[in-house]
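Before any comments, here is the structure.
Just so you know, all these numbers are worked out from the coordinates, no wet-lab data involved. Just so it is clear, the model here is predicted, and its values are computed rather than measured. A quick note on method: Cβ atoms are made from the backbone with ideal geometry, for glycine too, and the neighbour counts reach across all protein chains shown.
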């Protein structure tokens, strides 16, 4: 069993199989049909030919009829009974006289032609060229069909992405309307109450204590709307690649003490509190405003999903890296959600009700990565969650 490889071929080659028990016949036939765009495989028995047929896709098989062991007709019948080789055209050659009527039996076994020895080189070459051309045409048609199928798959994928984008846009607009309506409704009701008091001439309702409460409530609602708008702007900056990071000398323990104090009232309203573990100052080169933004998102998430239990905040560091762990004891996150919570518009169930636009964790991870750091989560249902912000302490952000 041997192969005659093309010399200097630069394009797809066509494979041909010739089978004869006499080596001189194989050499002679190979000399007639070989070409630069072809690989000629040779087999000296039916068994060798079968092994090659199962391994390669041939454009044509030229089989000698009279061989010891498995003859050409038996080999042809096996080829026609196998899916992989059923489509291969078969040409028989024989040294026997025409009176034996081998040609009729050859056509019965599915041959496309029958040639008698001695072979006419020009006739053989012409017939082989026809089958090579047909094979090349079939392969080209197959390639085009595969390309068309790939194009159709890409179009279907693009259509599905477009449908998803439209659905997300509609859901996002609905979320924005809902999240903005809540503080706006509160502000509207407050102004209506004040207008009613003014219409009644009840100026006592606007004493120093009452005014302080009104201003505080208004400030909270306005800040809520500002945060929503800032989140949307940050997503736009991230996607357009213009989110700015301005690193400077920053100390994390001071930031954590300040933010947990600022959010203490919010924690009390949720029936819980923060437990801060920050034994030593940790300095590094980070954008203080953006790091605060990430920490606020993690702290508010801990309050929202912590089930009213204390939220622990732990600061640690070594020479190369600072770590902030925000640990809650809430319901935890299902495994199938762990990879999705950092996607935009993915919202968890805080007390059974989706809250926010689902942008906080997405923006936070992008900000961590902009500092060459990471934001990761470990969680199991029923065991709470641990969000870890890791930041390099170098000035390379």
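When each of 127, 117, 195 is scored by the number of other beta-carbon atoms lying within 10 Å, the sequence from fewest to most is 195, 117, 127. For the pair residue 232 and residue 168, the difference between a 0.36 nm per residue extended length and the Cα-Cα distance amounts to 21.6 nm.
Efficiency by 1/(1 + (r/R0)^6): what FRET value for residue 280 and residue 374, r their Cβ-Cβ distance, R0 = 22 Å, to the nearest 0.05?
On the way: r = 22 Å, r/R0 = 1.00.
With R0 = 22 Å, the Cβ-Cβ based efficiency is 0.50.
Label-to-label distance, residue 96 versus residue 177, with points set 7 angstrom from Cα along the beta-carbon direction: 8.6 nm.
Taking a ≥ b ≥ c as the square roots of the Cα gyration tensor eigenvalues, the range 29-80 comes out prolate, since a/c reaches at least 1.5 and a/b is larger than b/c. Taking label positions 7 Å along the Cα-Cβ direction at both residue 340 and residue 321, the computed distance is 2.8 nm, reported to one decimal.
Rounded to the nearest 500, the 222 nm mean residue ellipticity of the chain from helices alone is -17000 deg cm²/dmol, with -39,500 (n - 2.57) taken per DSSP H run of at least 4 residues. Which shape class applies to the chain: rounded if a/c is under 1.5, otherwise prolate when a/b exceeds b/c and oblate if not, where a ≥ b ≥ c are the square roots of the Cα gyration tensor eigenvalues? Prolate shape, in that a/c is at least 1.5 and a/b is the bigger ratio. May I ask you to derive the FRET efficiency for residue 386 and residue 218 from their Cβ-Cβ distance with R0 = 30 Å, giving the value to the nearest 0.05? With R0 = 30 Å, the Cβ-Cβ based efficiency is 0.25. In plain terms, the residue of 115, 315, 63 with the fewest other Cβ atoms within 10 Å comes first and the most crowded comes last, giving 115, 315, 63. The stretch between residue 24 and residue 78 holds 16.9 nm of extra length on full extension. This uses 0.36 nm per residue minus the Cα-Cα distance. Given the chain, what percent of its DSSP beta bridges are antiparallel, to the nearest 5? Around 55 percent antiparallel, to the nearest 5. Note on 116, 164: ascending count of other Cβ atoms within 10 Å places them as 164, 116, the fewest first. Tell me whether the range 161-240 comes out rounded, prolate or oblate; compute the Cα gyration tensor, take square roots of the eigenvalues as a ≥ b ≥ c, and use a/c under 1.5 as the rounded threshold. Since a/c reaches 1.5 and a/b is larger than b/c, the shape of the range 161-240 is classed as prolate.
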